[in-house]
1. Using the number of other C-beta atoms within 10 angstrom as an exposure proxy, rank 21, 157, 76, 180 with the fewest first.
2. Determine, for the chain, the count of lysine pairs separated by eight or more sequence positions (or lying on different chains) whose alpha-carbon distance falls under 22 Å.
3. For the chain, what does the helix formula give at 222 nm: sum of -39500 (n - 2.57) over DSSP H segments with n ≥ 4, over the residue count, nearest 500 deg cm²/dmol?
4. Along the range 33-44, what does the Karplus equation 6.51 cos²θ - 1.76 cosθ + 1.60 (θ = phi - 60°) give for ³J(HN,Hα), rounded to whole Hz, x for Gly and Pro?
5. What ranking of 219, 175 emerges when the number of other C-beta atoms within 10 Å of each C-beta is taken as an exposure proxy, fewest first?
6. What ³J(HN,Hα) values, in whole Hz, does the Karplus curve 6.51 cos²θ - 1.76 cosθ + 1.60 give for the range 300-312 when θ = phi - 60°, with x put for Gly and Pro?
7. Using only the alpha-carbon atoms, how far is helix 63-76 inclined from the longest principal axis of the chain? Give it as 0 to 90 degrees, nearest 10.
8. Which number comes out as Rg/Rh for the range 266-316 once both Rg and the Kirkwood Rh are worked out on C-alpha atoms?
Amino acid sequence: MVAETQTSRLDDAARAGWLYFVAGNTQEEIARKLNVSRPTAQRLVSLALSERLITFRLDHPIAACMELGRRLSDRFGLKYCDIVPSDPASADSSLGIAESAAAFLERQLRSEAPVIVALGTGRTLRRMVDQLPRLNCPNHLLLSLVGNTSPDGKATFFDVLTKLADLTQSPHFPHPLPVFASTAEERALYQSLTPLKKLRALADKADAVIVGIGQIDEHAQLFLDGVLGRDDLLDLMRSGAVGEIVGWSFDRSGAIVRNSVNDRVTSIPLPSGDKRLIIGVAMGPSKVNSIRAALTGGLVNGLITDETTAKAVLAG
């Protein structure tokens, strides 16, 4: 009983520490969210420090998050699952998960043995890279699975590879194409190019893959960013698509949908997860269906999300 009380106290301290140091809440806000007095909130934050639960990342494995991770791993056969605490009052779409993804990526990059890391793109992964320190990793290889331009040639603001390569001094292989070709014939031409063949060969050898998981609906980021036109978006929705990973759209079962839009995707198909970790990084109510579908179909075998999203995925 005493041990359980101590564990619960440390859990509360870890939550308070996360809310204070990561989410940026005041002690008054923490007291309200944890339903405790302000002096208690202050003591919990102090306890998180004295017990070294907080450094620059949250090191204490909160029991509730660990249990959610275990349930998700059991249900979907995941090889890796990290659930971060949620801040109900925050509208930040990557709070906590970007930091967790950065910790995962840093562990890969600190490997003494050469590794190949394949990456998607997007806001959350760009924020992941922003959390990394400078590292000297000339023996590792980095590559992008997805193009970094819109159909009119405009570069994305959320390119991940260039910033990461600058931080690590690692050789890197960009994907210098629009996400979608104009026609299936144009896509076939792209795929015949030597640099694209080289990318596909490297992707097959990747040791770790980190991707975002996007939704396919009227608020799809591919559409809002101008990468995908309205007619194409509606075509995907009519085809039953609920999510996308590096441009490839899939249905509720996690199967890649067959339609004219996917016929024009220039992205490298996700490599098999048999020999590597493929980590999906996403959170929020709009991503629940797409995350669940990606897990159901085995498109990813690892997940980084927050506890609110994890609960919603399990509830479906």
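The numbers here are math on the coordinates, done by the rules we state, and not lab data. For clarity, every value in this text was computed on a predicted model and none was experimentally measured. Cβ sites come from the backbone with ideal geometry, for glycine too, and all protein chains shown count toward neighbours.
1. 157, 21, 76, 180
2. 12
3. Taken over the chain, the calculation gives -12000 deg cm²/dmol.
4. 6, 9, 6, 10, 6, 5, x, 5, 4, 5, 5, 5
5. Lowest count first: 219, 175.
6. These are the phi-based 3J(HN,Hα) values: 10, 10, x, 9, 10, 8, 9, 5, 5, 5, 4, 4, 5 Hz.
7. Here the helix axis deviates by roughly 30 degrees.
8. On the Cα set of the range 266-316, Rg over Rh gives 0.99.
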